[in-house]
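The values are calculated or read from the model by the stated rules, or taken from the named source; none is laboratory data. Remember, it's a predicted structure, so these values are computed and weren't measured experimentally. All Cβ positions, even for glycine, are placed from backbone atoms using ideal geometry, and neighbour counts span all protein chains on display. For accessibility, only protein heavy atoms count, side chains too; no ligands or nucleic acids. Shrake-Rupley method; radii C 1.70, N 1.55, O 1.52, S 1.80 Å.
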Amino acid sequence: MHLKDGTKMLHMQFKAHEDTKHMGVEEFLKALRQYCIPFTSKETLWNEFQAIRQTLNGRTLPIQDIANNIKQYQVQLLRISNWQCYHQLLEAMDAPLLQAVRPFINEDMEWDPLIEQCEIHDSVRRINKHSSYNSSRLHQKPRPQSKPYNNATPSSNSYSKPNHRFDRNRKPTASTA
């Protein structure tokens, strides 16, 4: 087993201690887990599970990501039932999606068909949102072109010399010798 830093030090102490030196890797990993994972980790995970929401920091996540998060927490916390996952999914959904999908799902459905139904409505909602955003951009009035930095008209006292060097439409003048 290749260990480094603090874990290596813990393993050396584990092997040096009279009560644990005869124990194997499995016992060491159990001890390491108790050392690394705080006692309150289950409560922290439960709070994180209950805080799952589809809209995060102003960004709406796909419902599949939310379903995956819920199932990951169920694996980590064995006390989370399928019933709790279902209700957390409903609570995590944005209101428009919940309203659209509610007539088509129930708590007796298997997880995969339930999520498929939610994905259908979520993708339709996303497509409609994207197309309405693009169509609203098409109907906006065009923005005026930016004005030059110095847009003031020359005053009668100031002298402005025309710059003919870059005028392609200017006809060459006949030079008189």
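Residues satisfying the criterion are present in the range 64-73 (criterion: part of a helix (DSSP H, G or I), charged (D, E, K, R) and either under 18 Å from the mean Cα position of the chain (by Cα) or under 22 Å from Ser41 (Cβ atoms) (or both)). Within the range 1-47, restricting attention to residues that are at pLDDT below 70 and of a type in the set (Ser, Thr, Tyr), which residue is surrounded by the most Cβ atoms within 10 Å (Cβ to Cβ)? Looking at residues that are at pLDDT below 70 and of a type in the set (Ser, Thr, Tyr), I get Thr7. Among the residues of the range 106-125, the one identified as in a loop (DSSP other than H, G, I, E, B) and in contact with a helix residue (DSSP H, G or I) (Cβ under 7 Å, 6 or more places away or on another chain) is Glu107. Listed by first and then second residue, the pairs linking a residue in the range 104-121 that is closer than 16 Å to Gln88 by Cβ to a residue that is among the charged types (D, E, K, R) and in a helix (DSSP H, G or I), with Cβ atoms under 8 Å apart and 6 or more places separating them unless they lie on different chains, are Trp111/Lys71.
Tell me, please, whether a residue that is under 23 Å from the mean Cα position of the chain (by Cα), open to solvent by less than 50 Å² (accessible area, probe 1.4 Å), closer than 16 Å to Asn68 by Cβ and not aliphatic (A, V, I, L, M) can be found in the range 90-109. For the range 90-109, residues under 23 Å from the mean Cα position of the chain (by Cα), open to solvent by less than 50 Å² (accessible area, probe 1.4 Å), closer than 16 Å to Asn68 by Cβ and not aliphatic (A, V, I, L, M): absent. Among residues of the range 71-94 that are within 19 Å of Glu119 (Cα to Cα), those with a beta-carbon under 9 Å from a residue that is polar (S, T, N, Q) and open to solvent by less than 30 Å² (accessible area, probe 1.4 Å) at least six positions away or on a different chain give the pairs Ala92/Gln54; Met93/Gln54; Asp94/Gln54. Can we say Leu89 is in a helix (DSSP H, G or I) and more than 30 Å from Thr20 (Cα to Cα)? Spelling it out, Leu89 is indeed in a helix (DSSP H, G or I) and more than 30 Å from Thr20 (Cα to Cα).
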